[in-house]
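A quick write-up on the structure given underneath.
The values are calculated or read from the model by the stated rules, or taken from the named source; none is laboratory data. This one's a predicted model, so the numbers in the text were calculated from it and none came from an experiment. Methodologically, a virtual Cβ is constructed for each residue, glycine included, from the backbone with ideal geometry; neighbour enumeration extends over all protein chains shown.
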Amino acid sequence: MTVQYKMNLPVKYDVDVFVAGGGPAGVAAAVSAAQCGASVFLAESFGSFGGAAAGALVPAFMQFTDGVRFLAGGVGRRVRDYIRANCPESSKKYCPDSIPIETLKLCYDEMVLRSGARFEFFSHVSGAMVEDRRLRYAVCTAKGETYAVKARLFIDCTGDGDLAFLAGAGYEQGDENGDTMAATLCALWNGIDWSRVVKPDSRCLDRAFADGVFANEDRHLPGIWPISTSTGGSNAGHVYGVDGTRADSLTRGMVEGRRQLQEYRRYYKKYLSGYEAAEPVISAARIGIRETRRITGDYVLNIDDFLSRAVFEDEIGRYAYPIDIHSGKNTAEGYAEYERKFACLRYEKGESYGIPYRSLLVKGFDNLLTAGRCISADRSMQASVRVMPCCFITGEAAGIAAALAAASDADTRHVDVPRLQEKLLRLGSALSTRRTPSVPADYQEDHR
């Protein structure tokens, strides 16, 4: 059964740049565009900026550097430096890789407010109006109202590619069978004696499995990150078969994640030293999703680019995180494949791959960019670019590019890329000094 429902929407905002999603990519995009002089509106679904760190309690950033160079310059460095300077004294020894969540939220609030970008929490994208290859309006459903936003440029930083999907963009999701990486419900813990904690070995899990602690024998256990003197953030337990683009699937994942958390409570308290008095204080308000849509762009960043340490003429950043594909199935074979890839698909100190501007361009659209987890990449590369420092990199580039396009009344494929690169370099971005002619001169036409 279906029903037809129509409504007239007020145009609440008319701006140069609309940003969907207020995670690290969205904050970087909004701040960067506003600081370049564009008028900006950002819609965020939850009650704070911060994405997976704030809402899903993901406890650590992952790497900002390649071991030699700081890769997430600009907004990323400002966030890292703010946390170092302002996190509680009890947390300082664990920063910057671990995340003191309330400090991070304040950082994002202050950064966006100072930039002049307008924003609303509790406001998510629910529709898109498209005409002649251009988004004209984004539809937002908020607490108490549904409204439209008119913009010249749009940036999808939702992680799931929601805006691009609603506009009709092409995408891929998961592996060849559509299976995605397992999800995890993270949590905050207290009562941990970090002075007595040692890295557990597989024998601890073997004993717990033999004792029937776990309903599922999941050997992939990232663990608990120190946040302060006795506090930690857990990234423990995999919930399999969760589709992060569907509420019914996410609902099942949340219920299962909370059940699993009690199993990990028993495991940590009984089998690992330093955790005898530990208790999970709160589980996240949403489950941590590692993989959903990868929006099809003008260039698909791919595993060969990782292997070759690729350099691009239109490079907007470089990154170095390993290929980190958590298995989508709870099998010994799935975990063995994860371990094999994570061990061999990683870099030596000082190595990195380039990210081309073309991977932010959405195929078939003239005024839509992506940033963050949903950029144009194959499954292997999505498993590297998905972490927060890389989201800062792509978000900042997308924000500056959108501001440049708005200022010159250009579409996204006619942005002055050398000027974009110059601005990024001034902000501290790490671009290759060795350029190769990897961009066809007529690529603007080839991908229309």
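Laid out as a table, the results:
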quantity: Extreme residue, modelled with the lowest pLDDT, among residues of the range 86-102 that are within 19 Å of the chain's Cα centre (by Cα) and more than 17 Å from S230 (Cβ to Cβ); calculated: P96
quantity: Selection status of A310, crowded, with 17+ Cβ neighbours inside 10 Å and either assigned to a loop (DSSP other than H, G, I, E, B) or without any contact (Cβ under 8 Å) to a residue 24 or more places away in the chain (or both); calculated: yes
quantity: The listed residue being at pLDDT 95 or above and in a strand (DSSP E or B), out of T158, T141; calculated: T141
quantity: Test: residue in the range 247-254 that is touching a strand residue (DSSP E or B) at 6+ places or on another chain (Cβ under 7 Å) and either closer than 22 Å to D201 by Cα or part of a loop (DSSP other than H, G, I, E, B) (or both); calculated: no
quantity: Within the range 404-448, considering residues that are modelled with pLDDT under 90 and among the polar types (S, T, N, Q), the one farthest from E313 (Cα to Cα); calculated: Q444
quantity: Sole exception among (1) within 20 Å of the chain's Cα centre (by Cα); (2) without any contact (Cβ under 8 Å) to a residue 60 or more places away in the chain; (3) assigned to a loop (DSSP other than H, G, I, E, B) for D175, by number; calculated: (2)
quantity: Boolean, R252 is closer than 26 Å to G55 by Cβ, touching a residue at least 24 places away in the same chain (Cβ under 8 Å) and not assigned by TED's automatic domain parsing to the domain that holds R386; calculated: no
quantity: Selection status of R379, in the same structural domain as S98 (by TED's automatic domain parsing), closer than 26 Å to F18 by Cβ, among the basic types (K, R) and touching a strand residue (DSSP E or B) at 6+ places or on another chain (Cβ under 9 Å); calculated: no
quantity: Tally, over the range 69-110, of residues that are within 26 Å of Y353 (Cβ to Cβ) and not in a helix (DSSP H, G or I); calculated: 10
quantity: Condition check for Y299: in contact with a Pro (Cβ under 9 Å, 6 or more places away or on another chain), at pLDDT 95 or above and surrounded by fewer than 22 Cβ atoms within 10 Å (Cβ to Cβ); calculated: no
quantity: From the options A54, A128, residue that is assigned to a helix (DSSP H, G or I) and crowded, with 16+ Cβ neighbours inside 10 Å; calculated: A54
quantity: Matching option when the condition is in the same structural domain as A410 (by TED's automatic domain parsing), outside any strand (DSSP E or B) and more than 29 Å from V239 (Cβ to Cβ), among L163, L113, L153, L135; calculated: L113
quantity: Some residue of the range 26-35 being on the phi > 0 side of the Ramachandran plot, under 19 Å from the mean Cα position of the chain (by Cα) and not polar (S, T, N, Q); calculated: no
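Per-residue answers, yes or no, for (1) surrounded by fewer than 18 Cβ atoms within 10 Å (Cβ to Cβ); (2) modelled with pLDDT under 95; (3) part of a loop (DSSP other than H, G, I, E, B):
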| site | (1), (2), (3) |
| --- | --- |
| R265 | no, no, no |
| K269 | yes, no, no |
| Y275 | no, no, yes |
| I282 | yes, no, no |
| R290 | no, no, yes |
| G317 | no, no, no |
| Y335 | no, yes, no |
| R340 | yes, yes, no |
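Rundown of residues vs (1) touching a Phe, Trp or Tyr at 6+ places or on another chain (Cβ under 8 Å); (2) free of Cβ contacts under 8 Å to residues at least 60 places away in the same chain; (3) among the aromatic types (F, W, Y), yes/no style:
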residue	(1), (2), (3)
Y271	no, no, yes
E279	yes, no, no
I289	no, no, no
D304	no, yes, no
R318	yes, no, no
R358	yes, no, no
